[in-house]
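Right, one structure below, let's go through it.
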Amino acid sequence: MVDKSWMLNASAIRAAKQCVSVVKDEMGIKLLLSNPEFYFLLQEYVDLTQSQRLAEAFKKLQQYADPNIAKAAQRRQAKDDNVSGESVTVSGKTYARFRGSKEFSGLYRGQPVYR
């Protein structure tokens, strides 16, 4: 379980709400602070998009978050990467060509689509 004591800081809440606003504006996804996977989802959106605004807002949030959260997010990302073989580069970002038996077909709202 990840420590969420950073959510007690008013400045951290402002930074988190700024991140939520950017995600909603750019991706059309409503992200809630009450989501138990909030930090992890936000980190995934930052990794998937090319948004400078979101990256800056996330950096502000990281200042308040526990360093163990970032480590947990990295471990989770490594565990979730269940890809094999070659890679595809789109807009300077590299994506796995295959995930399971599905092949990369493009991006939708900044997220890779496999079919």
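Would you say D66 is modelled with pLDDT under 80, charged (D, E, K, R) and exposed (fewer than 12 other Cβ atoms within 10 Å of the Cβ)? Talk me through it step by step, then tell me what you get.
On the way: modelled with pLDDT under 80: yes; charged (D, E, K, R): yes; exposed (fewer than 12 other Cβ atoms within 10 Å of the Cβ): no.
When the stated conditions are applied, D66 does not pass them.
Looking at region 14-35, which of its residues are touching a Leu at 6+ places or on another chain (Cβ under 9 Å), outside any loop (DSSP other than H, G, I, E, B) and open to solvent by 40 Å² or more (accessible area, probe 1.4 Å)?
Within region 14-35, K17, Q18, K24, E26 meet the criteria.
The values are calculated or read from the model by the stated rules, or taken from the named source; none is laboratory data. Keep in mind that this is a model prediction, so the values were computed, not measured. Neighbour counts are summed over all protein chains in view; Cβ atoms, including those assigned to glycine, are modelled from backbone coordinates with ideal geometry. For the accessible areas, the whole protein counts, side chains as well, though only heavy atoms, and no ligand, DNA or RNA atoms are used. Shrake-Rupley method; radii C 1.70, N 1.55, O 1.52, S 1.80 Å.
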